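Novice: Before we start, here is the structure in question, set down as structure tokens.
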Amino acid sequence: MKFEILASCPTTRARVARMTLNHGPTLLPTFMPVATQAALKGLTPQQTEALGVTLILNNTYHLNLRPGIKILDQAGGAHKFQGWRRNLLTDSGGFQLVSLSQFTQITEEGALFSSPYDGKPTMLTPEESIAIQHSIGADIIMQLDDVVSSLTTGPRVEEAMWRSIRWLDRCIKYHESKGRQDTQELFAIVQGGLDPKLREICVREMINRKENVGGYAVGGLSGGEAKDVFWKMISICAEKLPVDRPRYAMGIGFAEGTKLLDLLVCVALGIDMADCVFPTRTARFGVALTFRGPLNLRLKHHTTSLDTIEEDCPCPTCSSGTSRAILHHLVTVETAGAHALTQHNVVFQARLMGGAREAIFAGTFPAYLRSFFANYFGETGYPKWCVDALRSVGVDLLEGIPPAEVKVVDGQGMKWEYSES
Ligand SMILES: [Zn+2]
């Protein structure tokens, strides 16, 4: 892997980098669309590539169940199996195992769980996780870590942190014994719960393994902890991790709409990569993302609108002039609505990050953050945690706003005009 820093923001910790992997270059910071079962919901791999996406995520747990390693080996890996020609990242499978299996038990050897096929006790060891990811052939693979919920407290958090370090060593050893380190980059995962001291110890230990890992992830967050604690943990890790390695915040783009903003805040704190299932998921519920906030095309008032979703959007849906009126029909009656909105949302996500990269190059990233948040939250109120997090890296979102007009709210911030249930 080649990792080159092309520009750094003089105020925040954001930077633009080019990460060249086995299937070409990817510019960072970036959001990775999630193709859980080797399929991005709503788009073909060819459509995804045509939109300019260069890095997606597959889930090891799901690929191991279906199609399974035998088929993946016959296909020559997951790229060929799914017809994807650009970069691919896989998780270790550990997170799904813990969250989906009722009977998972963590031992030093690995994670013991009941097989989803026959209920028999089955063990996923660090070595096996890497072996499965070798069969998948992803350009970036993740270590197996000992995952605990971010709401867990007490000695179990420290135990999981130290075990994750020992398991990293086993992953490195196995990975290198198979000679895969030139074609597949192994990423370490920093654990330590919500304890700043444990996070710092874990980062230090994992930096000691720097020569054997391609990059670092921050794991074990976004499990329901307070946002105020979330950003501080991200910040502690991102600040201390090596400058010359990519930094990946895991699983933070999940489900809720405002998580999109978590990602932008994380970029300012020094994060380069995040996965984000939200844009494709919400598209299937009829919601288009825009720079002024989400647009629920299921709502009746769109039936007479001849506007596109966003005037200056280059996505196939907007650039062809597709009206909100027909999109309302498509998302309420037809199946093509999901495709039309998914294309727009994936492009929105790429524009959000592309805009961030341009602003970092131009030295205007703080202004980019202020303008994005003003458009999104100017009327509903800025989430306090975003204001605090960005102040910690020298950006005041409220700068230039007359005090009488400043609105800051607790919690996530904006209310959503739609419901996914
Ligand atoms: Zn569009």
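Novice: Would you please give the residues with an amide H less than 5 Å from that of L186, counting only those at least 5 places away or on a separate chain, with H modeled from the backbone geometry?
Specialist: I141, G214
Novice: Measure out, as a whole number of angstrom, how far apart the alpha-carbon centroids of the range 124-149 and the range 1-67 sit.
Specialist: After rounding, the separation between the Cα centres reads 18 Å.
Novice: On C-alpha positions alone, give me the angle between the axis of helix 259-269 and the longest principal axis of the chain, in degrees, nearest 10.
Specialist: Tilt of helix 259-269: around 70 degrees.
Novice: Quick one: putting +1 on the C-beta of Lys and Arg, -1 on the C-beta of Asp and Glu, what dipole do you get for the range 1-148 around its Cα centre, in Debye to the nearest 20?
Specialist: Numbers: 11 positive and 12 negative charges, 145 e Å.
Computed about the Cα centre, the dipole is about 700 debye.
Novice: Can you compute the charge dipole magnitude of the chain about its Cα centre, using +1 on each Lys and Arg Cβ and -1 on each Asp and Glu Cβ, nothing else charged? Give it in debye, rounded to the nearest 20.
Specialist: Numbers: 42 positive and 44 negative charges, 75 e Å.
Dipole size: approximately 360 debye.
Novice: Roll a 1.4 angstrom probe over the protein heavy atoms and tell me the percent of accessible area of the range 1-132 that is carbon or sulfur. Working shown, then result.
Specialist: Numbers: 3210 of 6000 Å².
Accessible surface attributable to carbon and sulfur in the range 1-132 totals 54 percent.
Novice: Using a 1.4 angstrom probe on heavy atoms only, work out the carbon and sulfur share of the accessible area of the range 151-220 in %. Working shown, then result.
Specialist: On the way: 1510 of 3130 Å².
Within the range 151-220, the accessible surface is 48 percent carbon and sulfur.
Novice: Given the options G223, G400, G355, which has the most mean-square fluctuation in a GNM of the chain, springs set between C-alpha atoms less than 10 angstrom apart?
Specialist: Between G223, G400, G355, it is G400 that shows the largest mean-square fluctuation.
Novice: Considering the chain, which cysteines have no disulfide-compatible partner, defined as another cysteine with its Cβ under 4.7 Å away?
Specialist: C9, C171, C202, C237, C266, C276, C315, C386
Novice: Taking the mean number of other Cβ atoms within 10 Å as a proxy for protection, how do you rank 44-52, 321-329 from highest to lowest?
Specialist: Working: 44-52: 15.9, 321-329: 17.8.
Highest-to-lowest ranking by the protection proxy: 321-329, 44-52.
Novice: Please report the equivalent ellipsoid semi-axes of the chain, computed as sqrt(5 x eigenvalue) of the Cα gyration tensor, largest first, in whole Å.
Specialist: Details: eigenvalues 227, 139, 83 Å².
In descending order the semi-axes read 34, 26, 20 Å.
Novice: Once you have a ≥ b ≥ c as the square roots of the Cα gyration tensor eigenvalues for the range 287-409, tell me rounded if a/c is under 1.5, and otherwise prolate or oblate according to whether a/b is larger than b/c.
Specialist: Values: a/c = 2.84, a/b = 1.82, b/c = 1.56.
Here the range 287-409 falls in the prolate category.
Novice: Continuing with the same structure: Give the angle, between 0 and 90 degrees and rounded to the nearest 10, that separates the Cα long axis of helix 155-177 from the longest principal axis of the Cα atoms of the chain.
Specialist: With both axes taken from Cα atoms, the answer is about 70 degrees.
Novice: Let me ask you something else. Using the Cα centre of the range 287-409 as origin and beta-carbon charges of +1 (Lys, Arg) and -1 (Asp, Glu), tell me which of L398, V333, A350 is placed farthest towards the positive end of the dipole.
Specialist: Checking the options against the dipole of the range 287-409, the answer is V333.
Novice: Return the single residue from L398, L40, L264 with maximal mean-square fluctuation; model: Gaussian network over the chain, springs between Cα atoms under 10 Å.
Specialist: Of L398, L40, L264, the most mobile in the Gaussian network model is L398.
Novice: Let me see the pair-distance distribution of the range 17-103: every alpha carbon pair, 10 Å bin width, integer percents in order.
Specialist: So the P(r) values, bin by bin, are 16, 47, 30, 6, 0.
Novice: Another question about this same structure. Check which residues have an amide H placed less than 5 Å from L6's amide H, if you skip close sequence neighbours.
Specialist: Those lying under 5 Å, H to H, from L6 are V16, A17, R18.
Novice: Can you tell me the order of 372-385, 307-320 when each peptide is scored by its average per-residue count of other Cβ atoms within 10 angstrom, highest first? Working shown, then result.
Specialist: Details: 372-385: 18.1, 307-320: 16.4.
In descending order of packing, they fall as 372-385, 307-320.
Novice: Heavy-atom accessible area per residue, the range 235-393, 1.4 Å probe: how many Å²? Please report the intermediate quantities before stating the final value.
Specialist: On the way: 5650 Å² over 159 residues.
The answer is 36 Å² per residue.
Novice: Something else now. Once a ≥ b ≥ c are taken as the square roots of the eigenvalues of the Cα gyration tensor of the range 29-276, is the result rounded (a/c under 1.5), prolate (a/b larger than b/c) or oblate (a/b not larger than b/c)?
Specialist: Details: a/c = 1.41, a/b = 1.15, b/c = 1.23.
Since a/c stays below 1.5, the shape of the range 29-276 is classed as rounded.
Novice: Follow-up. Which Rg and Dmax, in Å, describe the Cα atoms of the range 52-95?
Specialist: 10.6, 31
Novice: Sorted by average packing, counted as other Cβ atoms within 10 angstrom per residue and highest first, what order do 401-410, 213-222 take? Intermediate values should be presented prior to the final figure.
Specialist: Working: 401-410: 10.8, 213-222: 25.2.
Taking the mean over residues of other Cβ atoms within 10 Å, the ranking is 213-222, 401-410.
Novice: Tell me, what % of the accessible area of the range 267-327 is carbon and sulfur with a 1.4 angstrom probe?
Specialist: Values: 1260 of 2430 Å².
On the range 267-327, the fraction of accessible area on carbon and sulfur atoms equals 52 percent.
Novice: Further question on the same structure: If you count only protein heavy atoms with a 1.4 Å probe, what accessible area per residue comes out for the range 6-141, rounded to a whole Å²?
Specialist: Numbers: 5710 Å² over 136 residues.
Ligands and nucleic acids excluded, the result is 42 Å² per residue.
Novice: Classify the range 82-224: rounded, prolate or oblate, from the alpha-carbon gyration tensor (a ≥ b ≥ c, eigenvalue square roots; a/c under 1.5 rounded; otherwise prolate if a/b is larger than b/c)?
Specialist: Working: a/c = 1.65, a/b = 1.11, b/c = 1.49.
Oblate, because a/c is 1.5 or more while a/b does not exceed b/c.
Novice: Taking the Cα atoms only, what angle lies between the long axis of helix 126-136 and the longest principal axis of the chain, rounded to 10 degrees?
Specialist: 60
The values are calculated or read from the model by the stated rules, or taken from the named source; none is laboratory data. This structure is a prediction, so every number in the text was calculated from the model and none was measured. Cβ coordinates were reconstructed from backbone atoms using ideal geometry, including for glycine residues, and neighbour counts include every protein chain displayed. SASA here: full protein model, heavy atoms, side chains in, ligands and nucleic acids out. Shrake-Rupley method; radii C 1.70, N 1.55, O 1.52, S 1.80 Å.
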